[in-house]
Structure formats: C-alpha cells, structure tokens
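Input: a single structure, listed below in structure tokens.
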Amino acid sequence: MTWPLSYLSASGLRAAKVVPLTWYMLIVSIVVCLVIGIILWAAVRRSRPEDRAVELRDVPVERGGAGIRWISVGLLISALPLVAALIWTMVALAAVAGPPRNPGLILDITGRQWWWQVQYAGSQPLDVFDTANEIHIPVGVAVLIRLHGGDVIHSFWVPQLSGKTDTIPGQTNLSWIEADHPGRYLGQCTEFCGYQHAHMQFEVVADSPAEFERWISMQRQAAAAPTTPEATRGRDLVEYRCGLCHRVRGTEAGAISAPDLTHLMSRRTLAAGTLLNNPGNLVGWIQNPQNIKPGSLMPDQFLSAQQLSDTLAYLETLK
Amino acid sequence: MMAPELRRLAIGTDTVEHEARLLELWETRPGIGGFFSTVDHKEIGIRYVVTAFVFLALGGLEALVIRLQLAGPNLSILTPDEYNQFFSTHGMTMIFLYAAPILSGFSNYLWPLLLGSRDMAFPRLNALSYWIYLASGLFLYAGFLTGNGPNDGWFNYVPYASRDYNPGLNQDFYALGMVFLGISTTVGAANFIVSFFRTRAPGMSINRVPIMVWGTLTASVANLLVVPAVSLAFFMLWMDRQFGTHFFDPAGGGQPLLWQHLFWLFGHPWVYAIVLPAMGMVSDGLPVFCRRPLVGYSLVALATVATMILGFGVWVHHMFATGLPGLGLAFFSGASILITLPSAVAVFAWLATIWLGRPVITTAFLFFSSMILLFVIGGVSGFMTASVPVDWQLTDTYFVVAHIHYVLIGINVFPVAGAVYFWFPKMTGRLLDERLGRWNFWIMFLGFNLAFLPMHLTGLLGMPRRVYTYADYGGWGTLNLITSIGSFVFAVGVLLLFVNVVKSLRSGAVAGKNPWDAPTLEWAVPSPPPVYNFAVIPTVSSRHPLWEDRLGAEGGRSILDRGLLLASGKETIGTTGLDAEPLMVLEMAEDSFAPFALTLGLSLFFVGLLLRSWTLTGVGAASAAFALLAWLWPQRALDERERGRA
C-alpha cells in the first residue's frame, strides 16, 4: 500500500528533519496511554471490595493515605519527556522554519478556488511563465516558495516534502521544499476553502537537473500554431470561449483567472488532481465540469459534438 | 465575625410550619404563567440540561449523516454545499449549543445546593441566560433549517465568510446568532462569579467548595474575559458583510488574520471552559464511589485555575501554519506543551484516589473513571500538536479531528453521562436503571473508541479534514468505514442514556435523600429538593459535611439541622468572599416575566437586523428597553434590610 499524503516518512530534507520528532512524540504518547491505562485498570482491580455485589454504604469511608506523592512523582516523571519534547521542538523548528539563504529556485504560488497557480521567474520578462497544479523542481535543490492568497485562505501542503503553510490574501508567506530523489509527490489544500476544498490537489514533480532544464525550456515556449483545419477551428473556439478565463500563450486567449493552458497536455491531471488527463476525461470536464466538481468556477459548456471534437483536436496540440 | 444586625435574626430548627411558610414564599405558581416567569435555579438548570441534550441529539444526527457520506470513498449522499452546512452546523451545535450549556445546566441546578444557598445570586439573570440560550439556539437553527446554515466551519474563517465568497444569509444567521448567544454566556458567567463570592453557606471558606464549583468559577471568569472577543469578531464580520466595512478585507486595508486572532483568543479558553467543570464533576463524583476524599484537593483546585491562566496564552497553536514569525511560534509552542502539567495533576489525583480508595463499581463510576483514560488520549494528541514543526504536518488532518473528539466527548460527554447517573436521583427522586446503565456505558465506550481511535491513523496517513469526499489512498476507505460503524454504535449508546432517563422517570427505584452516601450538601436535602433548597441555612466546617462522623472532624462539626431560618421574605444569606462569614441577608427576586419579555424583544431585534428591517429592529429594541425598565423598576422588597459590615 502507498500513502501519498502520509508524513510518517519523508522524501525531502525539510520534512525529514521532523519525522524523528513526530515518531518520538507518537511513541511517548502511546506509552503514556498504555501506562495510565494499566495503572487505572490495576487500581480498580486491586482496591475494589471483594464482594462485588456490596452496597455502597456498606463500604466504610476512610481517609486512606494522603496520596500527594502520587501527584509529585507523577508530575516529575511526566515532566521529563515533556521537557525533552520542548527542547527537540525548538531545535527542529530552528532547522526547518527559516527559508534557505541561497535558494536554487524561487516560485510564486497562489492558492485559488480550487486550483494552484504556479509562476516561474525568469531572467527576462518572456521567460516568466505560469502553469497550474503541477510543480516541477530539480532534485537536491532548495526551492523557496512565496505563497500568495488569490481569493480565500488555502494551505499549501506536500507531506513528503514539507508541512503546511497557509496562503492568505494580503500577505506573502514563505515556505521551502527540497526533494531527495526524483518522483511525484502529492500535495493538497488543507485549509477549508469552500465547495471544492476536497478537490484541490497538486503534484510536485522532482526531476533530475537535466530533465528539469528540458521541462522549463519547453514550458517557456508559446503554443505552436495549429496545423490541421480541425485544430484551427478548435483554436478559434478556445480563443473565443475559453479565453474569457484561460490563457494560451501565443493566442488571443489571454485571461488569467483560470489555469494557464499553454502546455495543458504536459500535465498528468485535470481540475487540480480531480481527473487523470486523458482525452475522455478532458472532453467530460470541458462539457460538464459542474457534474464532476460541483460548485467549480468553470461553467458547463454545452458544445456541439463538432465543436467538442475541434476543441479537443486543438487542446491535444498543447504539449 | 457576624455583622451585629445579623445577630438578631431567628435561629432554629426545621419544623412543619416553617417549611409551609417557606413554600408559600418560594413556590412558583402553577400553570403557563409560572412556566414563563419562574426564576427557580433548579427549574432553569433542568431546562438547560434538557435543551442541551436535544441539541446533542441534533448534532449527533448531523454527525451520522456526515459519517454516511464518508463511509466510503467518492460517495455522493450529500452535495458539497450540504456537506459544508452539515459539518459546520455539527460543530456549532456541539461546541456552542451543547457542550457549554449542558455544564451551565448542571451548575445552575447544583451550585446553590452544593453551596448551601437558596438560589443563585441573580435569579432573574439566571432565567434570562436560559431564555436567550434557547432563543439564540432557535435563531441559529432557523438558518440551518431554511438552507442557510453556517457553511464555513464553526471557526468561520474570513475571507470565505465574507460576502464576496459567501453571498447567502448563512453567515448573517451565524454571525448575529453568535452575538445573541454571547449575551447568554456573559450574563450566566457573571451570575456564577457573584454567586461564588456571595452565596456560600456560612463557614464554607473557598478551600471547602467542591471542585466542580472551582471548575465552573474558572470557566465563568474566562468566559467573561473572552466572549467579548468573539462577539466583537462576529459583529465586525456582519458589518463587513452588510455595510462594507473592511475589518477583514485586505483590499481595504483589513486583515484576514485578525479574525483568527479574535476567534482563537476566545476559542481556546472556551475549550477549557467546556472541560474544566466536567473535570470537576469527575473530581467530585469519583471519590464518592472510591469511599474516600479526593487526593490532593488543593492541588487539583489550583491546577484548575492554573490551566485556565495558561489557557489564555496558547491560542496561537491553532494558527501555527499562518506564517507568523518563528519566535512567536516558539513561545506559544512552549506554553502549549507545558499546559499538560496542570492537567497531569488532575490525572494523578484521580488515579491515586482510586488506588487508595475502595472503588464500588456503578455506572457513574465507570463513566467517571473511563474518562481518565480518554482524557489522557486526548491530552497526548494535544501534546503532539503543540510542537510547531510536528503540527505543520498534523494540523487540518483527521488526526486533529480525532484529538478534538477525544477532548470534547472524552472530557465532556463521558463526565456528563456520569453526572446524569450521579445526580439524576437528586433531580427526580429516582435512580437510573443500573443494568441498562452498564449496557449504556459499554456501548458508548466501545463505539466511541471504535470510531475515533482509528481516526488518529487516518490522520497520520494524511487524510485532510473538512473534505466532502476523498479518494481511497492506501486504506483510507477501510478506516473511514470503521469510524462510521463506530459512530453509529456510539449513537446507540447515547440513545440508551435517553431511554434509561425516560424509563427511570416512571419506574426507577426511589432514591431517598442520599442514595450514594455522598459527602456534600446537596445530599442533605430531599430528592428532589424543595423549592427553597434548605429549610435552615447550614453551617459548614469541612469539605465533607456528611462524612464528618467517619473522617473525624478537623475544625468542629458542620451544623445542618439548625441555623438561620430566614423566613420573613424570599431570603438567603450573603457571606464574605473568602471565609464565608455571614454578611447580609440577600432579598431574592420574585418570579418575573421580565427575562422572558426581554428575550422576546431581543429576538425581534436580531431578526430585524438579519432581515435588515429597521422597523422590526426598532420595535425589538423598544420592547427590550421596556422589559428592562420593568425589570429594574425599584421594589421595596428587594432592598437589603441588613446593611453594614462587621
């Protein structure tokens, strides 16, 4: 079994520094519960009157021992693991809290109802690009993430790489991640944000440095012009209709209130992790998003069969 | 020392004529008029308890619907909107309309009996506190029933609660309802605090009051300090929504985080307010069945107060992931870890009480003693979330859902169920069925742990909370199914409690004055107690007035059968704050329609605000003012006859 959102193990530096502390606290907690449970059970068994049908008022009331030592000894024993946890907490906090001094990559990520906008900086304006819900990073590089609030509060969480940081309108929060080895790491919004809070996932894809360079140079390119008549008709439709919210760089579709579609086909999932990205799901999603993700800000499209196949023909060129 | 004027008051023993005289003075007249005008704390207490249990049942039904939706991956019994309203209403109901009011109910009923008094310090305020609780509960539920329930969780973060993202009436119902409910909490808290410092029986110095009284007092002081924060927050939210103010709107220079600070500044102390009195129930109930006094009374009382004081300094642990600076987080993290220590005092005191006592196993004992284990489980999971870096992973996963339910069910519902078994005989004169009680306990205990113990694992495997559906990542489906089954088993257990109450009301064994052979004052009066509680005012010399012959008296014997008669009006004795020396005769208010009328006026006022009908608002405000005028109209009978301090 795989637990893509579990944090009892880690695949990145920042998360890994917390895992031993989590296990320590978990084990202390379990031991405390067991010990208290056993004392409680033993206390009841040891002390209750032998005749179990005895009437309450027939059992004499006595002061017994003062029992204050129970409290002082108990407190002393409890204080030891507590103080250890306190110190370890401060050490771990210092190790993971601050953003890296020399990040190898800086990303601007904005939480929006109900998807993630990801912006890659570049040395020239044309190198800056947006993508959505799939974040590529080079392996072994500390990545600084600036988190922005697009509408309501969301929370950025990739359990295998890092704990949560909220995205809050009006302020910029910092987080950072660093992946040990290549792979896909699942992320999820963890601050309640409305109807589709459940379907607000993303993936962090850790690539080898060469792979990452290839990906980023590909992403920087604008969409290629369509070459078939279907795709051309499809592009016109996308510009006319989808372009009200979406952007496809290199076309008239230039709005930025929904995910950038320039390289839609390079992404593994659709609708923030709701569906796998394949032609069937894509058609279903375009035509009827309210059925798949009720309350989503994308309206149902009511396209004719012809329009739908043209649109699909064009979108499939957006690799 | 007694004030000289008080020396002239009649002292005597109880007689039939005396009781008849008191009954005439105190009795609420029968019928509908009496129902709406009574200020008897016992009647009000029972109404509180019954109303709170109705809300518990409603919140429970909502939880069961939620658990059906989550029983398997990708189910669609509820739409996302319905799910959001259900889980938000469930939280609102359990936290605001059940957990606190149920404790207010028990405290309202028990305080004067525990303290040797004839009523709370402000009987009409007491009635007002109940009526407003009921009215605001109905107000909040009117929203839910018309499809306008809260839909942003009980914590209600902005900006999602703001009008841009939440245009319906949902948030207006919630915001105004919470401001309304805040009035009830506030006046109730003030009444408890004054009652504590003024109405304890002569001789009941503050080191002789039951721990539950300490718990309720501490909770009341906290409420008085923090309820204004949340009332203000909800009022500001309503202003933002209706009048375009920008308290929380970053576009206008506002701060979304301001909401979180105001809310948790209230919210965390509130968590302690809804567990400390319940912990007090255990501290007072457990020793009765262990046949010995509580171990470490003074330490437990001090720990209660210490928990609350530290509890004011931990609210930011709900906000570790909001991007606050590390140094601040470290402070709140440390406070949150250290607050475990005063709680540990209570745990070891309870364990030692059982170990060093001779526990007789009754249903009440089972509820009280099992609570110790549930308290520890809820405590250690809280300890884990207190560590900032660990919490960055744990927070907003099902681990925290498991934690909050161990706290609220383990430390509130279980002690309350024990308290029902323990004090039901006092309230009704009949014992609950013990056989049914065992079924009741074991089904609740097993169902609860079946539902919520595996939920810790669900959280550790990463399932986020507040999602209306989920994909089946590595066994989430199985774990959720187990939780759903457990929650239905638990619901059956709670249902058995209700069944037992209904059955025993008719056919339960007659209890008599003191069925548990318990040591405190409430067991010295008949069951149910007469309307005036104590025919003669008792004089108290120890923590255990009814066990003195067996424990040996430290400072003389308490006198229960002879004392101040106070039968020349509706009177009780007022005593000094710390040592409880007689100070004055308190003239208690007669039954009055004013609290009910004031509540009706305020209800109109809030409905007017909700609908933005300024006419209705004005009519409501005017009726409320008129009711207040009638309430405050000077009455010669309420003038203190005895003044001056010795």
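The values are calculated or read from the model by the stated rules, or taken from the named source; none is laboratory data. As the structure is a prediction and not an experimental result, all values here were calculated from the model. Using ideal geometry, Cβ is built from the backbone for each residue, glycine included, and neighbour counts are taken over all protein chains shown.
When each of B:SER484, B:SER541, B:SER507, B:SER527 is tested for being polar (S, T, N, Q), surrounded by fewer than 22 Cβ atoms within 10 Å (Cβ to Cβ) and within 17 Å of B:TYR398 (Cα to Cα), the lone residue that passes is B:SER484. Of the listed requirements (1) in a loop (DSSP other than H, G, I, E, B); (2) touching a residue at least 12 places away in the same chain (Cβ under 8 Å); (3) more than 23 Å from the chain's Cα centre (by Cα), B:PRO167 misses just one: (2).
Taking the criterion of being among the basic types (Lys, Arg) and either part of a helix (DSSP H, G or I) or more than 15 Å from the chain's Cα centre (by Cα) (or both), the only residue of segment A:173-217 that qualifies is A:ARG214.
To keep it simple, each residue is scored yes or no on (1) at the interface with chain A (Cβ under 10 Å from one of its Cβ atoms); (2) closer than 30 Å to B:VAL501 by Cβ; (3) touching a strand residue (DSSP E or B) at 6+ places or on another chain (Cβ under 7 Å).
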{"position": "B:SER343", "(1), (2), (3)": "yes, no, no"}
{"position": "B:THR353", "(1), (2), (3)": "yes, yes, no"}
{"position": "B:THR362", "(1), (2), (3)": "yes, yes, no"}
{"position": "B:PHE368", "(1), (2), (3)": "no, yes, no"}
{"position": "B:VAL380", "(1), (2), (3)": "yes, no, no"}
{"position": "B:PHE383", "(1), (2), (3)": "yes, no, no"}
{"position": "B:VAL388", "(1), (2), (3)": "yes, no, no"}
{"position": "B:ASP391", "(1), (2), (3)": "yes, no, no"}
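For segment A:47-70, filtered to residues that are assigned to a helix (DSSP H, G or I) and at the interface with chain B (Cβ under 7 Å from one of its Cβ atoms), the residue that is nearest to the chain's Cα centre (by Cα) is A:TRP70.
Among residues belonging to segment A:8-22 that are of a type in the set (Gly, Ala, Ser) and in contact with a strand residue (DSSP E or B) (Cβ under 7 Å, 6 or more places away or on another chain), point out the one that is surrounded by the fewest Cβ atoms within 10 Å (Cβ to Cβ).
Residues of segment A:8-22 that are of a type in the set (Gly, Ala, Ser), as a first pass: A:9-12, A:15-16.
From what is left, the residues that are in contact with a strand residue (DSSP E or B) (Cβ under 7 Å, 6 or more places away or on another chain) are A:11-12, A:15.
Details: A:SER11: 20, A:GLY12: 27, A:ALA15: 27.
Among them, the one singled out is A:SER11.
Go through segment A:19-39 and give me each residue that's over 14 Å from A:LEU8 (Cβ atoms) and β-branched (Val, Ile, Thr).
Let us first name the residues in segment A:19-39 that are over 14 Å from A:LEU8 (Cβ atoms), namely A:28, A:31-39.
Result: A:VAL28, A:VAL31, A:VAL32, A:VAL35, A:ILE36, A:ILE38, A:ILE39.
Within the set A:ILE68, A:ILE77, A:ILE30, A:ILE39, the sole residue that is over 22 Å from B:GLY459 (Cβ atoms) and exposed (fewer than 15 other Cβ atoms within 10 Å of the Cβ) turns out to be A:ILE77. Could you look through segment B:471-486, keep only residues that are at the interface with chain A (Cβ under 10 Å from one of its Cβ atoms) and in a loop (DSSP other than H, G, I, E, B), and pick out the one that is modelled with the highest pLDDT? Looking at the filtered set, the residue picked out is B:ALA471.
Could you say whether any residue in segment A:127-142 is in contact (Cβ under 8 Å) with a residue 60 or more places away in the chain, under 30 Å from A:LEU161 (Cβ atoms), away from chain B (no Cβ under 14 Å) and in a helix (DSSP H, G or I)? Scanning segment A:127-142 turns up at least one residue that is in contact (Cβ under 8 Å) with a residue 60 or more places away in the chain, under 30 Å from A:LEU161 (Cβ atoms), away from chain B (no Cβ under 14 Å) and in a helix (DSSP H, G or I). Residues in segment A:147-171 that are surrounded by fewer than 24 Cβ atoms within 10 Å (Cβ to Cβ) and more than 8 Å from every other protein chain (Cβ to nearest Cβ): 2 in all. Applying the set (1) within 10 Å of another protein chain (Cβ to nearest Cβ); (2) surrounded by fewer than 20 Cβ atoms within 10 Å (Cβ to Cβ) to B:VAL305 leaves exactly one unmet item: (1).
Against the definition (small (Gly, Ala, Ser), surrounded by 15 or more Cβ atoms within 10 Å (Cβ to Cβ) and either within 30 Å of B:THR385 (Cα to Cα) or assigned by TED's automatic domain parsing to the domain that holds A:VAL18 (or both)), how does A:ALA53 come out, yes or no?
On the way: small (Gly, Ala, Ser): yes; surrounded by 15 or more Cβ atoms within 10 Å (Cβ to Cβ): no; either within 30 Å of B:THR385 (Cα to Cα) or assigned by TED's automatic domain parsing to the domain that holds A:VAL18 (or both): yes.
So A:ALA53 does not fit the description; no.
If I go through segment A:91-126 residue by residue, how many of them are hydrophobic (A, V, I, L, M, F, W, C), in contact with a strand residue (DSSP E or B) (Cβ under 7 Å, 6 or more places away or on another chain) and not in a strand (DSSP E or B)? Quick ask: steps written out before the conclusion?
Kept after step one, since they are hydrophobic (A, V, I, L, M, F, W, C), are these residues of segment A:91-126: A:91-97, A:105-107, A:109, A:114-116, A:118, A:121, A:126.
If we keep only those that are in contact with a strand residue (DSSP E or B) (Cβ under 7 Å, 6 or more places away or on another chain) as well, we get A:105-107, A:109, A:115-116, A:118, A:121.
Then drop every residue that is not not in a strand (DSSP E or B), which leaves A:121.
Of the residues in that region, 1 qualify.
Checked against (1) part of a helix (DSSP H, G or I); (2) within 11 Å of chain A (Cβ to nearest Cβ), B:TYR468 meets all criteria but (1). Output the qualifying pairs, or none if there are none: Cβ atoms under 6 angstrom, residues six or more apart or on different chains, first residue in segment A:1-26 and more than 7 Å from chain B (Cβ to nearest Cβ), second residue surrounded by fewer than 16 Cβ atoms within 10 Å (Cβ to Cβ) and aliphatic (A, V, I, L, M). From residues that are more than 7 Å from chain B (Cβ to nearest Cβ), the pairs are A:LYS17/A:ALA95.
Being crowded, with 22+ Cβ neighbours inside 10 Å, over 23 Å from A:GLY37 (Cα atoms) and hydrophobic (A, V, I, L, M, F, W, C) is the filter here; which residues of segment B:309-352 pass it? Within segment B:309-352, B:VAL314, B:TRP315, B:VAL316, B:PHE320, B:ALA321, B:LEU329 meet the criteria.
Among B:PHE445, B:PHE424, which is the only one that is in a helix (DSSP H, G or I), farther than 30 Å from B:HIS41 by Cβ and under 23 Å from the mean Cα position of the chain (by Cα)?
B:PHE445
Counting only residues that are at the interface with another protein chain (Cβ under 7 Å from one of its Cβ atoms) and within 11 Å of A:PHE156 (Cα to Cα), which one in segment A:184-201 is surrounded by the most Cβ atoms within 10 Å (Cβ to Cβ)? Let's see the steps before the verdict.
Narrowing segment A:184-201 to residues at the interface with another protein chain (Cβ under 7 Å from one of its Cβ atoms): A:188, A:190-198.
Going one step further and asking which of them are within 11 Å of A:PHE156 (Cα to Cα), we end up with A:188, A:190-191.
Working: A:GLN188: 26, A:THR190: 28, A:GLU191: 26.
Applying the filter and picking the extreme gives A:THR190.
Scanning segment A:242-260 for any residue that is closer than 30 Å to A:LEU105 by Cα, assigned to a helix (DSSP H, G or I), in contact with a Leu (Cβ under 8 Å, 6 or more places away or on another chain) and at pLDDT 95 or above turns up nothing.
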